[in-house]
Structures are given as C-alpha cells and as structure tokens.
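The structure under discussion appears below in the form of structure tokens.
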Amino acid sequence: MVKRILTGAGFVEGKTFKETRFLKPPQSTYAVYMDSFTRRGADSVNLIKEHTYTIELYSYKADPTAEAEIEKMFDTLGIEYEKSERYWLDTESLYQIVYTFDFIEK
C-alpha cells in the first residue's frame with residue numbers, strides 16, 4: 001500500500017523513495033518508509049495482517065507540492081493518516097514531515 005501511495009504521489013522507488021533509509025540520499029525531496037505489523041486470526045490461522053506504516057518525507061527546502069501529492073493519495077484511497085509538523089533537522093540540514101497510517105490486509 002505504501003508503494004502505491006508514494007508512486008501515485010510522483011516518487012520513484014529506489015530513486016526518491018526507499019524502505020528504511022538511503023545510504024546516499026537524493027539531492028531532491030525524498031521519502032523513506034517503515035512497516036511494522038501484527039498477524040492475527042482465529043483457529044490458529046493468521047489471516048489478518050495489521051500494518052502500521054510510517055512515511056518520512058525529507059526536503060532541502062519546504063516542499064508543499066510533495067506534501068499535497070502524498071495527502072491527495074491518502075484522500076483518493078480513503079486512508080486515515082496522521083501528519084506531524086514540518087521540522088528542521090539541524091544535523092542533516094533537512095526538513096522532515098512524518099506521516100503515519102494503519103492498513104489491514106486480509
């Protein structure tokens with residue numbers, strides 16, 4: 001699901017978005033995501049997977065267009081999400097915004 005959101009928002013897997021981290025970050029706005037999940041079910045059969053995704057958006061200057069595209073994909077797909085405030089990371093000289101959402105896979 002997270003790949004669908006980010007590609008729909010114009011990001012390219014491996015170039016402007018990756019899972020966990022970039023060893024050498026792009027020189028443009030980019031995103032990394034993390035996926036934690038719980039498996040559950042009934043009668044000893046785990047048929048439900050509950051994901052908690054985090055998308056971290058990084059930019060060298062404020063990028064409201066990238067934010068709007070990600071948020072548009074959430075709205076298009078009908079996914080509830082939380083968005084943090086944009087904050088400056090002094091050590092990285094980047095802005096960061098964090099999106100968090102849950103997704104249930106059956």
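Structure summary
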quantity	calculated
Among the listed pairs K18/K72; K24/K61; K15/K106; K15/K49; K61/K83; K72/K106, those beyond 23 Å (Cα-Cα)	K15/K106; K15/K49; K72/K106
Förster radius 22 Å - calculated FRET efficiency between E19 and T91, Cβ distance, rounded to 0.05	0.50
Share of alpha-carbon pairs per 10 Å distance bin for the chain, given as whole %	14, 45, 27, 10, 3, 0
Spread of Cα-to-Cα distances over 5 Å intervals beginning at zero, given as percent, for region 1-59	4, 18, 25, 17, 12, 9, 7, 5, 2, 1, 0
Ellipticity estimate at 222 nm from DSSP helix runs (n ≥ 4, -39,500 (n - 2.57)) divided over the chain, nearest 500	-6000 deg cm²/dmol
Region 80-106 and region 3-36: distance between their alpha carbon centers, rounded to Å	12 Å
Top positive-direction residue, dipole computed over the chain with Cβ charges, set H51, L23, F103	L23
Net charge dipole size for the chain [Lys, Arg +1 and Asp, Glu -1 on Cβ; Debye, nearest 20]	380 debye
Value of relative contact order over the chain, rounded to a whole percent, pairs C-alpha under 8 Å and six or more apart	27 percent
Longest DSSP-loop-exposure-free segment, GluC sites (Glu not before Pro), the chain, at most 10 other Cβ within 10 Å	1-79
Under 15 Å, Cβ to Cβ, from N46 - net charge with Lys/Arg +1 and Asp/Glu -1	+1
Region 47-105: trypsin sites (Lys or Arg not before Pro) in DSSP coil with no more than 12 other Cβ atoms inside 10 Å	K61
Considering only the chain, percent of DSSP beta bridges that pair antiparallel, nearest 5	90 percent
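None of the figures in this text is laboratory data; all of them are computed from the coordinates on show. Since the model is a prediction, treat every value here as computed from it, not as a measurement. Note: ideal-geometry Cβ built from the backbone for every residue, glycine included; neighbour counts use all protein chains shown.
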